[in-house]
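Peer 1: Before anything else, here's the structure in question.
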């Protein structure tokens, strides 16, 4: 799908490089959609047209966790493991 955006000239970097801006907007959109849970890591990479390493680097730069595991889940898993494998 192709999408057209109207961006005010005063909001663009000088000089505007339309290709670089388009890549940046795609990456930022993918990061936000990933962070909000609307895209998986793989889908976000495809959306932004970047490899997983580039995407993970962007996540790190913007402090977006790439693994979303709840602390309570980890504790519950640890308790289950300890019950099955007592010391």
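No lab work stands behind these numbers, since they all come straight from the coordinates. Note that this is a predicted model, so its numbers are computed, not measured. Cβ coordinates were reconstructed from backbone atoms using ideal geometry, including for glycine residues, and neighbour counts include every protein chain displayed.
Peer 1: For region 19-87, what class follows from the C-alpha gyration tensor (a ≥ b ≥ c being the square roots of its eigenvalues): rounded when a/c is under 1.5, otherwise prolate if a/b is larger than b/c, else oblate? Can you show the working numbers first?
Peer 2: Details: a/c = 3.62, a/b = 3.42, b/c = 1.06.
Prolate.
Peer 1: Where does each of 4, 54 land when they are ranked from fewest to most other beta-carbon atoms within 10 angstrom? Before the final figure, lay out each step's value.
Peer 2: Numbers: 4 4, 54 13.
Exposure proxy ranking, most exposed first: 4, 54.
Peer 1: If you don't mind, another one. Hey, what did the chain get for relative contact order, percent, Cα under 8 Å, at least 6 apart? Don't jump to the answer; show the numbers that get you there.
Peer 2: Values: 33 pairs, mean separation 16.5, N = 87.
With pairs under 8 Å counted, the relative contact order is 19 percent.
Peer 1: Turning to a different aspect of this structure: Which of 46, 73 has the fewest other C-beta atoms within 10 Å, and how do the rest follow up to the most?
Peer 2: On the way: 46 13, 73 9.
Ascending Cβ contact count within 10 Å gives the list 73, 46.
Peer 1: Additional query: What angle, in degrees between 0 and 90 and rounded to the nearest 10, separates the Cα long axis of helix 52-61 from the longest principal axis of the Cα atoms of the chain?
Peer 2: Taking Cα atoms only, the helix is inclined about 90 degrees.
Peer 1: Now for a separate question. Between 22, 57, 76, which gets the highest mean-square fluctuation from a Gaussian network model of the chain, Cα cutoff 10 Å?
Peer 2: The residue with the greatest mean-square fluctuation here is 76.
Peer 1: Which of the peptides 34-40, 77-83 is most tightly packed, and how do the rest follow, going by the mean number of other Cβ atoms within 10 Å of each residue?
Peer 2: Values: 34-40: 13.9, 77-83: 9.7.
Highest mean packing first, the order is 34-40, 77-83.
Peer 1: Roughly what angle does helix 18-35 make with the longest principal axis of the chain, taking Cα atoms, 0 to 90 degrees, to the nearest 10?
Peer 2: 30 degrees
Peer 1: Expressed as an acute angle from 0 to 90° and rounded to the nearest 10, what is the orientation of the C-alpha long axis of helix 71-84 relative to the principal long axis of the chain?
Peer 2: With rounding to tens, the tilt is 30 degrees.
Peer 1: Return, for the Cα atoms of region 39-79, the radius of gyration and Dmax in Å, separated by a comma.
Peer 2: 13.2, 41
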